[in-house]
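**Student:** Okay, handing you the structure first.
The values are calculated or read from the model by the stated rules, or taken from the named source; none is laboratory data. Bear in mind the structure is a predicted one, so any value in this text is a computation, not a measurement. Every residue, glycine as well, gets a Cβ built from its backbone with ideal geometry; the counts of neighbours run over all protein chains shown.
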Amino acid sequence: MNELSGRVVLDLFKRYYEEVNSFEIRRIEKRELAFTSFGKQGMVRHTSFQSMNALVDYVRDNTPSHFYYSSAYYNNPEASMENKRWTGADLVFDIDGDHIEGAEKMGYGEMLSVVKEELKKLLVILTDDLSVGKQNMEIVFSGSRGYHVHVYTIFEGLESQERREIVDYISGRCISSEFRSTARTKWDDKINGVKESLLQIIDSTDKKWKQKLEEVTGETTGELNKREIRKDNYIDRNARKLAVKRFSSKIDEPVTIDIHRLIRTPGSLHGKSGLTVMVLPYDRVDDFDPLREAIPKAFDDNSEVIITKNISLELGGTRLDLQEGNTVLPTYAALYSVLKGSAEFTAHVK
């Protein structure tokens, strides 16, 4: 990013924050806040604010490129880590394209759709398996490649090891041989349901039952006949494998385990996309379109840029395949292109 683009990006972010009057942070006085700034190395940490107004004033005066708050609650959030006096932390989940196989070959919209399916699987586990009420959850689009889920109050006092057990459950690792438990969980129902579907294939009169079974499981049956497959551990093994594939969620595990985690602030801008980090209602998950709804209204004018590297954009309901050269784009698309290193602003945006 050249000097002119750096000034324009900073001014656009400042324009956005001038219109923001609040950020969705619960119990702000107990949180650590952290910021990074354009053109500066490192992160400003160990700051705290006693009111939302104080935070809003700070952000307007010190425009951040990225803006985080702690999942943890502290008695002294502004102190050094050893003196903060931890009192609890939200249970936080992060799902993004970095954990999706083949995501690097997908378009932006396609990748976000796949990530959303992982989000939906997580929400099913939280509500159905762990009995988390929707009123205790907050779902957040990260502003870039995925979603965060915050669970408030009910798991607040858990230490890292206990959170690791929740991760093992959500990932399905709890049903592997080294994690076998005598306690019955919803995973047993999931496995039994898959097992029943596999047995139905075996018991069918279809002459191609073996082919269908192998297509579903991805594992050859060899010379085993129906009776031998029933006696072999083929069904049990593949029922567990398929249950994990179908029902587990690909979360970023260290985020959930960490009881001091910094997480992006809802209402802030993502410094690598210019999109809004935003909360969405539980009943909006299916129809929520981040590439439309997370575009800040402050950037709905036009800007001229020079495309320095070919880039494809999927924003605002349209796809743009941009070639090198000068062009005029909606400011949000221009900003996105510049932040991705594929364009430079050619003039200062008014």
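**Student:** What is the residue count in the range 271-293 for residues that are more than 21 Å from A334 (Cβ to Cβ) and touching a helix residue (DSSP H, G or I) at 6+ places or on another chain (Cβ under 7 Å)?
**Tutor:** Going residue by residue through the range 271-293, those that are more than 21 Å from A334 (Cβ to Cβ) are 279-288.
Narrowing the set further to residues that are touching a helix residue (DSSP H, G or I) at 6+ places or on another chain (Cβ under 7 Å) leaves 282, 285.
The qualifying residues number 2.
**Student:** Of E215, E159, which residue is among the charged types (D, E, K, R), surrounded by fewer than 13 Cβ atoms within 10 Å (Cβ to Cβ), modelled with pLDDT of 90 or more and farther than 23 Å from R240 by Cβ? Before the answer, list the steps.
**Tutor:** Numbers: E215 fails: farther than 23 Å from R240 by Cβ.
Just one listed residue meets the conditions, E159.
**Student:** Name the pairs: first residue in the range 1-28 and of a type in the set (S, T, Y), second residue surrounded by fewer than 16 Cβ atoms within 10 Å (Cβ to Cβ) and outside any loop (DSSP other than H, G, I, E, B), Cβ to Cβ under 7 Å, at least 6 apart or on different chains?
**Tutor:** The qualifying pairs are Y17/R60; S22/M52.
**Student:** Being outside any strand (DSSP E or B) and more than 16 Å from the chain's Cα centre (by Cα) is the requirement here; does E101 meet it? Let's see the steps before the verdict.
**Tutor:** Details: outside any strand (DSSP E or B): yes; more than 16 Å from the chain's Cα centre (by Cα): no.
It is false that E101 is outside any strand (DSSP E or B) and more than 16 Å from the chain's Cα centre (by Cα).
**Student:** Related question: Return the only residue of I166, I170, I95, I125 being β-branched (V, I, T), outside any helix (DSSP H, G or I) and under 18 Å from the mean Cα position of the chain (by Cα). Full working, then the answer.
**Tutor:** Details: I166 fails: outside any helix (DSSP H, G or I); I170 fails: outside any helix (DSSP H, G or I); I125 fails: outside any helix (DSSP H, G or I).
Criteria check complete, one pass: I95.
**Student:** Here is a follow-up. Does E118 qualify as being more than 13 Å from D252 (Cα to Cα), out of contact with any Asp or Glu (no Cβ under 7 Å at 6 or more places or on another chain) and modelled with pLDDT of 95 or more?
**Tutor:** Numbers: more than 13 Å from D252 (Cα to Cα): no; out of contact with any Asp or Glu (no Cβ under 7 Å at 6 or more places or on another chain): yes; modelled with pLDDT of 95 or more: yes.
No.
**Student:** Quick check on the range 31-45: of everything there that is of a type outside the set (A, V, I, L, M) and at pLDDT 95 or above, which residue is surrounded by the fewest Cβ atoms within 10 Å (Cβ to Cβ)?
**Tutor:** Step one: of the range 31-45, the residues of a type outside the set (A, V, I, L, M) are 31-32, 35-42, 45.
Remaining after also requiring at pLDDT 95 or above: 31-32, 35-36.
Values: R31: 24, E32: 23, F35: 20, T36: 16.
Result: T36.
**Student:** Another question about this same structure. Looking only at residues in the range 283-317 that are touching a strand residue (DSSP E or B) at 6+ places or on another chain (Cβ under 6 Å) and of a type in the set (A, V, I, L, M), which one is surrounded by the fewest Cβ atoms within 10 Å (Cβ to Cβ)?
**Tutor:** I306
**Student:** Something else about it: Take R230 and tell me if it is more than 26 Å from S71 (Cα to Cα) and touching a residue at least 60 places away in the same chain (Cβ under 8 Å). Spell out the reasoning first.
**Tutor:** On the way: more than 26 Å from S71 (Cα to Cα): yes; touching a residue at least 60 places away in the same chain (Cβ under 8 Å): no.
Judged against the criteria, R230 is not a match.
**Student:** Among K186, K190, which is modelled with pLDDT under 95, crowded, with 17+ Cβ neighbours inside 10 Å and more than 30 Å from S70 (Cβ to Cβ)?
**Tutor:** On the way: K186 fails: crowded, with 17+ Cβ neighbours inside 10 Å.
Exactly one residue qualifies, and that residue is K190.
**Student:** Something else about it: May I ask you to list the residues in the range 286-305 that are within 14 Å of Y336 (Cβ to Cβ) and of a type in the set (K, R)?
**Tutor:** Answer for the range 286-305, where residues must be within 14 Å of Y336 (Cβ to Cβ) and of a type in the set (K, R): just R292.
**Student:** Does Q50 satisfy the criteria of being loosely packed, with under 13 Cβ neighbours inside 10 Å, assigned to a loop (DSSP other than H, G, I, E, B), more than 27 Å from the chain's Cα centre (by Cα) and free of Cβ contacts under 8 Å to residues at least 40 places away in the same chain? If you could, list the steps in order and put the result at the bottom.
**Tutor:** On the way: loosely packed, with under 13 Cβ neighbours inside 10 Å: yes; assigned to a loop (DSSP other than H, G, I, E, B): yes; more than 27 Å from the chain's Cα centre (by Cα): yes; free of Cβ contacts under 8 Å to residues at least 40 places away in the same chain: yes.
Yes; evaluated as a whole, the condition is true for this residue.
**Student:** Next question. Just need a number here: residues in the range 20-30 that are more than 21 Å from the chain's Cα centre (by Cα) and either crowded, with 17+ Cβ neighbours inside 10 Å or among the aliphatic types (A, V, I, L, M) (or both). Even if it seems obvious, please write down each step before you answer.
**Tutor:** Taking the range 20-30 as the starting set, the residues that turn out to be more than 21 Å from the chain's Cα centre (by Cα) are 20-22, 27-30.
Of the ones still in play, those that are also either crowded, with 17+ Cβ neighbours inside 10 Å or among the aliphatic types (A, V, I, L, M) (or both) are 20, 28, 30.
Number satisfying all stated conditions: 3.
**Student:** Look at K272 and say whether it is assigned to a loop (DSSP other than H, G, I, E, B) and in the same structural domain as K340 (by TED's automatic domain parsing). Working first, answer last.
**Tutor:** On the way: assigned to a loop (DSSP other than H, G, I, E, B): yes; in the same structural domain as K340 (by TED's automatic domain parsing): no.
No; evaluated as a whole, the condition is false for this residue.
**Student:** State whether one or more residues within the range 53-60 are more than 16 Å from G271 (Cα to Cα) and assigned to a loop (DSSP other than H, G, I, E, B).
**Tutor:** Initially, the range 53-60 is screened for residues more than 16 Å from G271 (Cα to Cα), giving 53-58.
Going one step further and asking which of them are assigned to a loop (DSSP other than H, G, I, E, B), we end up with none.
For the range 53-60, residues more than 16 Å from G271 (Cα to Cα) and assigned to a loop (DSSP other than H, G, I, E, B): absent.
**Student:** Across the range 230-266, what is the number of residues that are crowded, with 21+ Cβ neighbours inside 10 Å and more than 23 Å from D168 (Cα to Cα)?
**Tutor:** Residues meeting the conditions: 3.
**Student:** With the checklist (1) touching a Lys or Arg at 6+ places or on another chain (Cβ under 7 Å); (2) outside any helix (DSSP H, G or I); (3) farther than 30 Å from D289 by Cβ in hand, flag the one item T205 doesn't pass.
**Tutor:** That leaves (1) as the condition not met.
**Student:** Additional query: Can you spot a residue in the range 138-148 that is surrounded by 13 or more Cβ atoms within 10 Å (Cβ to Cβ) and part of a helix (DSSP H, G or I)?
**Tutor:** If we filter the range 138-148 for residues that are surrounded by 13 or more Cβ atoms within 10 Å (Cβ to Cβ), which is where we start, we get 138-148.
This time we only want the ones that are part of a helix (DSSP H, G or I), so: none.
Checked the range 138-148: no residue is surrounded by 13 or more Cβ atoms within 10 Å (Cβ to Cβ) and part of a helix (DSSP H, G or I).
**Student:** So is S303 touching a Ser or Thr at 6+ places or on another chain (Cβ under 7 Å), among the hydroxyl-bearing types (S, T, Y) and in a strand (DSSP E or B) or not? Working first, answer last.
**Tutor:** Working: touching a Ser or Thr at 6+ places or on another chain (Cβ under 7 Å): yes; among the hydroxyl-bearing types (S, T, Y): yes; in a strand (DSSP E or B): yes.
For S303, the condition - touching a Ser or Thr at 6+ places or on another chain (Cβ under 7 Å), among the hydroxyl-bearing types (S, T, Y) and in a strand (DSSP E or B) - is met.
**Student:** Ok, one more. I need the full set of residues from the range 319-334 which are among the hydroxyl-bearing types (S, T, Y) and either surrounded by 19 or more Cβ atoms within 10 Å (Cβ to Cβ) or under 30 Å from K121 (Cβ atoms) (or both), in order please.
**Tutor:** So the first thing to find is which residues in the range 319-334 are among the hydroxyl-bearing types (S, T, Y), and the list is 327, 331-332.
Correct list: T331, Y332.
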